[in-house]
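Participant: Okay, here's the structure, questions in a sec.
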Amino acid sequence: MTMRRIGIVVGGGPAPGTNAVIAAAVIEAVKLGSTPIGFHDGLSWLAQRYTDEQHEMTIDEVSRAHLTGGVMLGSSRTDVAGDPALLRNTVDALRKLAVDGLVAIGGDDLVRSAIALERESGGRIKVALVPKSIDNDLAVPAQVTTLGHETARHVGVQLVKNLMEDARTTGRWYLGVTMGRPTGHLTLGIGKAASATCTIIPEEFGPGPVRLADIADIVEGAIIKRRALGKKHGVALLSEALVERFDPAEIEGLQDVDRDAQGNIRVTEIDLGRKVLNEVTLRLEKRGIKVSVVNKTIGYELRCAQPLPMEAEYARDLGYAAVRHLAGGGGGVVVTTQAGAPRFVPLAECVDPGTGRGRQRGVDVASDNYQVARAYMVRIEQADLDDADAVAALGKAGGLAPDDLRRHFARLDGRLSPRR
């Protein structure tokens, strides 16, 4: 089966390797006798039924694109599944352009649009989704890493290494708030690889809301334990996803955050690093302990980096497999590679039945991966509180009497030690 025209569209935020998928898809489509159509700015123009924001792509255009960063076609977060008019416009525009198949490159925000497009078109438009997310949060098989994650982690590690050296040189602490919502995969991956002093992710708190004080307790404990070890510097990484778990009542008390036109607080604009910094330094200063702490956001620097060679190779495998699958009459899948071979996961298996969006996978804090990461962090653990000598040293470093220190850090409950 030869598809006359295969569309290529990118949804969500930028991720390293996206251009390599586009390049591979274009080259393979041309080789198979199809015309590759690159859609500009995701689904945004198609959703308005515009058909001129696209162009026929050529091999010359993409032949050296596989190692470039950014997204050569542009991207958007337009979701057409939730609006019948937008969905109909998109299908009509694709049909007008005689597109038979669509390589959709994106994450959980693009999954339900992909399913909706196939359904609304009556199966006449086949869709193959390439899972792209620096957050590594789309619920494809556990061993499959989403495109862009490894390069984003690599760039993040380089940045954190620089912060660690600056912290050592200047005798200060850095609080790095790392991009990645709503899971902690990227933050944990960066922290574990860079050997940050401690890394805090939302999954470690279990169900229910997270308090600002919970996060401050862990950071304060890390600072005190490092001081007890004779070190007055360190780097703590916080996942930006923590703010999405804040108790709504506590958020209402943060009066300086931005609000939307309806007066609602914009949760994602809470300056997590500054809030934790202020809380921790205030606690220590009340006990006569001066600590220099600087907060730093690590985020947009990661998204448009040039892909690592292994990720450029991975992206080519995915683009090639997506076009081959569509050309063979297939559709309705998420394209993965497993054990060196293409594997196609039904789109329906990647959808959350409650929200209709792509299912997300969080960090498994009972896994060996997390246990190893946790074992190398500097935190106050239950074993420290059970050791009288350790309590005495920690109390001296933190300006607390032994009993006060035990009471203070007992608030961490089950988070004092990694789960077994």
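Participant: Given the conditions (1) part of a helix (DSSP H, G or I); (2) surrounded by fewer than 19 Cβ atoms within 10 Å (Cβ to Cβ); (3) charged (D, E, K, R), which single one is not true for R124?
Facilitator: Unmet condition: (1).
Participant: Considering every residue within region 60-73, establish whether at least one is surrounded by fewer than 21 Cβ atoms within 10 Å (Cβ to Cβ), modelled with pLDDT of 95 or more and not in a loop (DSSP other than H, G, I, E, B).
Facilitator: Yes: one or more hits.
Participant: Given the conditions (1) in contact (Cβ under 8 Å) with a residue 12 or more places away in the chain; (2) acidic (D, E); (3) more than 13 Å from G11 (Cβ to Cβ), and given that D41 satisfies all but one, which numbered condition is not satisfied?
Facilitator: (3)
Participant: For A261, state whether it is aliphatic (A, V, I, L, M), part of a loop (DSSP other than H, G, I, E, B) and either over 24 Å from T169 (Cβ atoms) or modelled with pLDDT of 95 or more (or both).
Facilitator: It is true that A261 is aliphatic (A, V, I, L, M), part of a loop (DSSP other than H, G, I, E, B) and either over 24 Å from T169 (Cβ atoms) or modelled with pLDDT of 95 or more (or both).
Participant: Can you tell me which of (1) surrounded by 24 or more Cβ atoms within 10 Å (Cβ to Cβ); (2) in a loop (DSSP other than H, G, I, E, B) is the one T2 doesn't meet?
Facilitator: (1)
Participant: May I pose another question? Could you check how many residues of region 326-363 are within 29 Å of D83 (Cα to Cα), among the β-branched types (V, I, T) and touching a helix residue (DSSP H, G or I) at 6+ places or on another chain (Cβ under 7 Å)?
Facilitator: Qualifying residue count, region 326-363: 4.
For (1) more than 15 Å from the chain's Cα centre (by Cα); (2) surrounded by fewer than 24 Cβ atoms within 10 Å (Cβ to Cβ); (3) among the aromatic types (F, W, Y); (4) farther than 23 Å from G356 by Cβ, each residue gets a yes or a no:
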{"site": "S113", "(1), (2), (3), (4)": "yes, no, no, no"}
{"site": "Q143", "(1), (2), (3), (4)": "yes, yes, no, yes"}
{"site": "G156", "(1), (2), (3), (4)": "no, no, no, yes"}
{"site": "M164", "(1), (2), (3), (4)": "yes, yes, no, yes"}
{"site": "T169", "(1), (2), (3), (4)": "yes, yes, no, yes"}
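Participant: Testing L138 on (1) within 25 Å of A341 (Cα to Cα); (2) aliphatic (A, V, I, L, M); (3) modelled with pLDDT of 95 or more; (4) touching a helix residue (DSSP H, G or I) at 6+ places or on another chain (Cβ under 6 Å), one condition comes back false. Which one is that?
Facilitator: (3)
Participant: Here are A388, A392, A383, A321: which of them is of a type in the set (G, A, S) and at pLDDT below 95?
Facilitator: A383
Participant: Looking at R343, R324 in this structure, which one is assigned by TED's automatic domain parsing to the domain that holds R64, over 25 Å from G156 (Cα atoms) and assigned to a strand (DSSP E or B)?
Facilitator: None of the other options fit; the residue is R343.
Participant: So which of V21, V10, V111 ends up being touching a Gly at 6+ places or on another chain (Cβ under 7 Å) and assigned to a strand (DSSP E or B)?
Facilitator: Being touching a Gly at 6+ places or on another chain (Cβ under 7 Å) and assigned to a strand (DSSP E or B) holds for just one of V21, V10, V111, which is V10.
Participant: Right, next: Search region 135-154 for residues that are in a loop (DSSP other than H, G, I, E, B) and pair each with any residue that is of a type in the set (K, R) when their beta-carbon atoms are under 7 Å apart and the residues are at least 6 apart or on different chains.
Facilitator: Correct list of pairs: D135/R181; D137/R361; A139/R359; A139/R361; T146/K132; G148/K132.
Participant: Are any residues in region 199-231 modelled with pLDDT of 95 or more, more than 14 Å from V280 (Cβ to Cβ) and outside any helix (DSSP H, G or I), and if so, which ones?
Facilitator: T199, I201, L229, G230, K231
For every residue, the table says whether it meets (1) in a loop (DSSP other than H, G, I, E, B); (2) farther than 28 Å from T151 by Cβ.
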position	(1), (2)
G273	no, no
N278	no, yes
R283	no, yes
E301	no, no
C304	yes, no
M310	no, no
D317	no, no
G329	yes, yes
V335	no, no
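Participant: Now a separate question. Quick one: is V365 outside the structural domain of G208 (by TED's automatic domain parsing), part of a strand (DSSP E or B) and surrounded by 17 or more Cβ atoms within 10 Å (Cβ to Cβ)?
Facilitator: no
The values are calculated or read from the model by the stated rules, or taken from the named source; none is laboratory data. Computed from a prediction, not measured in an experiment: that's the story for all the values here. Glycine also receives a Cβ, built like all others from the backbone with ideal geometry; neighbour counts cover every protein chain displayed.
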